[in-house]
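Chemist: Take this structure first; my questions come after.
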Amino acid sequence: MLTRWDPFQEMLNLRRTVDRLFDNANADHEWQPMQWGLAVDVVENKDDFIVKASVPGINPEDLDVSYVDDTLTIKGEVKSDNEVKENKYHLRERRYGSFTRSISLPTKIRGDAIEASYQNGVLNLRLPKAEEVKPKRIAIKVGDEKMIEGKVRSK
């Protein structure tokens, strides 16, 4: 007996098979902590870099911020809540586990002047640029007159 091939039915069968595979894997194994990324914004202005990192629900004491060799590193850990062993999770989307994020900066920073603050789940860092990398205005002499900040003044 010949039957007509139905590609949509084949896709549905494949999906059901994959769903069963993941359902069985989740039922047989406990959830394990995982590594996850950290969302950051980095903004540069003439004097410094501003870094904002989203770390909601993380205690500031659980964060480790370091600056070594032109690289800013933010590390931390989100501790998991007490797991419900006798019940079955239907959704478990909140992340827990350790995270780390390293950002290479294009210019030298004054490491001793870095400032950090934490408010409403956002870590704010201000990284001042080293003096040698800041743009400097150079005066131009014209004859007996000297140009300072765009204005010509006589001696």
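Chemist: Remind me, relative contact order of segment 39-133 in percent, using alpha carbon pairs under 8 angstrom and six or more residues apart?
Modeler: On the way: 151 pairs, mean separation 31.6, N = 95.
Reported as a whole number, the value is 33 percent.
Chemist: At q = 0.19 Å⁻¹, what log₁₀ I(q)/I(0) does segment 66-130 have when each alpha carbon counts as one equal point scatterer in the Debye sum?
Modeler: So the normalised log intensities work out to -0.84.
Read-outs: derived from the displayed coordinates by stated rules, not from any lab. Treat the numbers as computed from the prediction; the structure is a model and nothing was measured.
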